[in-house]
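S.K.: Would you mind keeping the following structure in view while I ask a few things?
The values are calculated or read from the model by the stated rules, or taken from the named source; none is laboratory data. Computed from a predicted structure; not experimentally measured. We place every Cβ from the backbone using ideal geometry, glycine too, and count neighbours over all the protein chains shown. With ligands, DNA and RNA removed, areas are computed over all heavy atoms of the protein, side chains included. Shrake-Rupley method; radii C 1.70, N 1.55, O 1.52, S 1.80 Å.
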Amino acid sequence: MTFFASVGRSTIEKIAYVGGLGIQFWKGLRSSYRVNPITGSRLRWRATVEQMAVLGFGAMPVVCLISGATGLIMAFQGGAELRQFGALQFVINLVGVSMTRELGPLMTAIVVIGRSGSSFSAEIGTMVVTEEVDALRSMAIDPIEFLLAPKYVAMMVMMPCLTIAAVTSGILAGGLFTYFTLDMSLGVYLRATLEVLVLRDIISSMIKAIVFGTIIVHVGCFEGFQVAGGPVGVGRSATAAVVKSIFLVVLADLMATAFFYLFWQ
Amino acid sequence: MSETAIHPALRNHLRDGQPPLISVQDLFVQFGDRQVLQGVNLDIYGGETMVILGGSGSGKTTLLRNIMALDRPNSGHVYIKGVDVTTCPAEELSAIRRVMGVSFQSAAMFNSMTVGDNVALPLREHTKLAEPTIRLMTQMKLAQVGLSGVEDLLPSQLSGGMRKRASVARALAMDPEVLIFDEPSAGLDPIIAAGIDELIVHLQEAFKMTIVIVTHEMHSAFLIADRMCMLHRGKIIAVGTKEELQSSTNERVRQFLERRADEPDDESPNFVTGF
Ligand SMILES: Nc1ncnc2c1ncn2[C@@H]1O[C@H](COP(=O)(O)OP(=O)(O)O)[C@@H](O)[C@H]1O
Ligand SMILES: [Mg+2]
């Protein structure tokens, strides 16, 4: 009895959570047009540019570093297996395809969650606790438009950029591997990689970047807006934002990958 | 205002032929199992200063939050300038909020912006004024509350009293018709608190605004109020002028005015020491 009750309650809570995210997503979309620099508000545009610098350019070095390391790891691990079949040159396919389709977007998302997802929820959560969000509302300023929309638009621009940087550095790291093991020049390696990749790989990479960015901004902000119970609640919300974002990003990755496997091969 | 333009719900609430600027009607608010407001009725008329008294935890902030439509009540209505803010669409609420200025209990300054940007924010958001004009108006508003030369400081660099004043300057930025204070002198020493009282009296004289103040400071209440009311156990138990409240025979009101502690068998929170 209590088991079913608790399963029921937690199911309802999950549905309510997703519903709340959905409502926030819709409101975020509707207020994001206010960000455009021509007919929108120049204040929002300025905030958006600031966010682009913080969450985009700020993340660039660590995204490149982590993706480069991941590319190299892939090359070593794959190379060890492929060498046994005398097919070491297929490392090029392995690194190119897996970085583009999968690891580039995913590694970028993980870094951005750690840097920005947690800080979104901490920033907004603190503003909830100090009544700043209520002050905004009392001044007839929509907190979603004021706080979320600039982050969302900035993320929609910067996630694809970061993902491209991640994919590029992963592939370049793979080139480092082939240079030393296959004596292959970087030019030849890159040309071979481009031959392996098809448009679908690049499109799926960009779609993932957009979807992951949407999840990161909305989960981070949603956790922040839901903060209750003072500074302790702020810390808890930052943790929850990271854990839930990672979970949802991996889930979305799985669904997107399955979709591309089934319907666009 | 002609009779037909008056909202039907306000027709029985006229004073000198004028409807109340703010009318709270049968407001019920519940948090979980806890009934915080249990049928609050209160009319506040244009140009008057209404002080809402009540012990800590009696629901004063909750009442203000419902007046500002920051929360939704379980039932009941709040009419501001004839608009029911508990049900009106977002655009109408937005218009109503622009004529209300609020100073929160915690001041609620935006900690990531300078004091000047805090005060300028409503102007930048809601007007198309040029930046030099906005800067000038910001300086004026800060001067009105007795703060000058603090534009470039962060709120965290101000003292508690100065932060309170700055939040009043921000509330004044859009020249509101209604100014709402939640415990303006809470957490301030008596001298600074007296300064805030003086500021409120100055604002009354200078702008003839409608002012709503929540407090449990009897001294400042009697200094600034035109009328006052007392909130107890979720209801308004007394409302009237200072003299009317002072001659009230209600035991709770008498106890509050005379700062007497609760009787030992009373299960309600202690008003005087309860904060
Ligand atoms: N968001 C909330 N959730 C749960 N309980 C609340 C909430 N806000 C206020 N309360 C409760 O309502 C009561 C009245 O609170 P409040 O209006 O802040 O009192 P006051 O401002 O008069 O001190 C308190 O007991 C408080 O615990
Ligand atoms: Mg309060």
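S.K.: Away from ligand 2 (no atom under 16 Å from the Cβ), over 17 Å from A:SER119 (Cβ atoms) and at pLDDT 95 or above: is that true of A:ILE210 in this structure?
M.R.: So A:ILE210 fits the description; yes.
S.K.: Identify, from the list B:MET137, B:MET113, B:MET109, the residue that is open to solvent by less than 20 Å² (accessible area, probe 1.4 Å) and either assigned to a loop (DSSP other than H, G, I, E, B) or away from ligand 2 (no atom under 16 Å from the Cβ) (or both).
M.R.: None of the other options fit; the residue is B:MET109.
S.K.: While we're here: So B:ILE6 passes all but one of these: (1) within 14 Å of chain A (Cβ to nearest Cβ); (2) more than 17 Å from B:PHE181 (Cβ to Cβ). Which condition number does it fail?
M.R.: It fails just one condition, (1).
S.K.: Another question, then. Can you give me the number of residues within the range B:13-28 that are open to solvent by less than 10 Å² (accessible area, probe 1.4 Å) and either touching a residue at least 60 places away in the same chain (Cβ under 8 Å) or within 16 Å of the chain's Cα centre (by Cα) (or both)?
M.R.: Residues that pass the stated criteria total 4.
S.K.: In the set B:THR210, B:THR241, which member is crowded, with 18+ Cβ neighbours inside 10 Å, at pLDDT 85 or above and not aliphatic (A, V, I, L, M)?
M.R.: Criteria check complete, one pass: B:THR210.
S.K.: Assuming A:ILE203 fulfils every condition listed in (1) farther than 25 Å from A:MET52 by Cα; (2) without any contact (Cβ under 8 Å) to a residue 12 or more places away in the chain apart from one, which condition is it?
M.R.: (1)
S.K.: Oh, and also: Here is a list: B:ALA225, B:ALA171. Which entry is within 15 Å of B:ALA107 (Cβ to Cβ) and not polar (S, T, N, Q)?
M.R.: Only one candidate passes the filter, namely B:ALA171.
S.K.: Let me ask another. Show the residue pairs meeting these rules: Cβ distance below 6 Å; 6+ apart or different chains; first residue within the range B:66-88 and within 14 Å of chain A (Cβ to nearest Cβ); second residue among the small types (Gly, Ala, Ser) and open to solvent by less than 30 Å² (accessible area, probe 1.4 Å).
M.R.: Hits for this filter: B:MET68/A:SER138; B:VAL85/B:ALA69.
S.K.: Yes or no: B:ASP33 within 13 Å of ligand 1 (Cβ to nearest atom), away from chain A (no Cβ under 14 Å), at pLDDT below 95 and open to solvent by 20 Å² or more (accessible area, probe 1.4 Å)?
M.R.: Yes, satisfied.
S.K.: Also, I was wondering about something else. Pairs needed: first member in the range B:178-189, free of Cβ contacts under 8 Å to residues at least 12 places away in the same chain; second member anywhere, within 13 Å of ligand 1 (Cβ to nearest atom); C-beta distance under 9 Å; at least 6 residues apart or different chains.
M.R.: none
S.K.: Still on this model: Inspect all residues belonging to the range B:89-98 and state whether any of them is assigned to a loop (DSSP other than H, G, I, E, B), buried (at least 18 other Cβ atoms within 10 Å of the Cβ) and either touching a Lys or Arg at 6+ places or on another chain (Cβ under 8 Å) or within 14 Å of chain A (Cβ to nearest Cβ) (or both).
M.R.: no
S.K.: Being under 20 Å from A:GLY78 (Cα atoms), away from every other protein chain (no Cβ under 14 Å) and surrounded by 20 or more Cβ atoms within 10 Å (Cβ to Cβ) narrows it down to one of A:ALA154, A:ALA166, so name that one.
M.R.: Only one candidate qualifies: A:ALA166.
S.K.: Could you check the range A:1-49 and list, in sequence order, the residues that are at pLDDT 90 or above, aliphatic (A, V, I, L, M) and open to solvent by less than 50 Å² (accessible area, probe 1.4 Å)?
M.R.: A:LEU21, A:ALA47
S.K.: Given B:ARG227, B:ARG254, B:ARG233, which one is more than 16 Å from ligand 1 (Cβ to nearest atom) and open to solvent by 50 Å² or more (accessible area, probe 1.4 Å)?
M.R.: The unique qualifying residue is B:ARG254.
S.K.: If you don't mind, another one. For the range B:116-134, enumerate the residues that are away from chain A (no Cβ under 11 Å) and in a loop (DSSP other than H, G, I, E, B).
M.R.: Listed by number, the residues that qualify are B:THR127, B:LEU129, B:ALA130.
S.K.: Against the definition (within 22 Å of B:ILE237 (Cα to Cα) and either within 16 Å of ligand 1 (Cβ to nearest atom) or β-branched (Val, Ile, Thr) (or both)), how does B:ARG72 come out, yes or no?
M.R.: no
S.K.: So how many residues does the range B:1-50 have that are in a loop (DSSP other than H, G, I, E, B) and closer than 15 Å to B:VAL239 by Cα?
M.R.: Final tally of qualifying residues: 3.
S.K.: Report, by residue number, each residue of the range B:148-161 that is open to solvent by 10 Å² or more (accessible area, probe 1.4 Å), of a type outside the set (D, E, K, R) and under 26 Å from B:VAL99 (Cβ atoms).
M.R.: The answer is none; no residue qualifies.
S.K.: Taking the condition within 16 Å of ligand 1 (Cβ to nearest atom), open to solvent by less than 50 Å² (accessible area, probe 1.4 Å) and small (Gly, Ala, Ser), does B:ALA186 pass?
M.R.: Taking the combined requirement at face value, the residue satisfies it.
S.K.: Being within 14 Å of chain A (Cβ to nearest Cβ), hydroxyl-bearing (Ser, Thr, Tyr) and closer than 21 Å to B:MET100 by Cα narrows it down to one of B:THR62, B:THR49, so name that one.
M.R.: None of the other options fit; the residue is B:THR62.
For every residue, the table says whether it meets (1) in the same structural domain as B:ASP43 (by TED's automatic domain parsing); (2) within 18 Å of A:ILE141 (Cβ to Cβ).
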residue	(1), (2)
B:LYS60	yes, no
B:LEU64	yes, no
B:LEU70	yes, yes
B:THR86	yes, no
B:GLU91	yes, yes
B:MET113	no, yes
B:LEU121	no, yes
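S.K.: Next question, about the same structure. In the list B:GLY82, B:GLY76, which residue meets the criterion of being away from ligand 2 (no atom under 16 Å from the Cβ), closer than 21 Å to B:MET230 by Cβ and surrounded by fewer than 22 Cβ atoms within 10 Å (Cβ to Cβ)?
M.R.: Result: B:GLY76 is the single residue among B:GLY82, B:GLY76 that is away from ligand 2 (no atom under 16 Å from the Cβ), closer than 21 Å to B:MET230 by Cβ and surrounded by fewer than 22 Cβ atoms within 10 Å (Cβ to Cβ).
S.K.: In the range A:87-114, what count of residues is obtained for those that are closer than 19 Å to A:ALA241 by Cα and outside any helix (DSSP H, G or I)?
M.R.: 0
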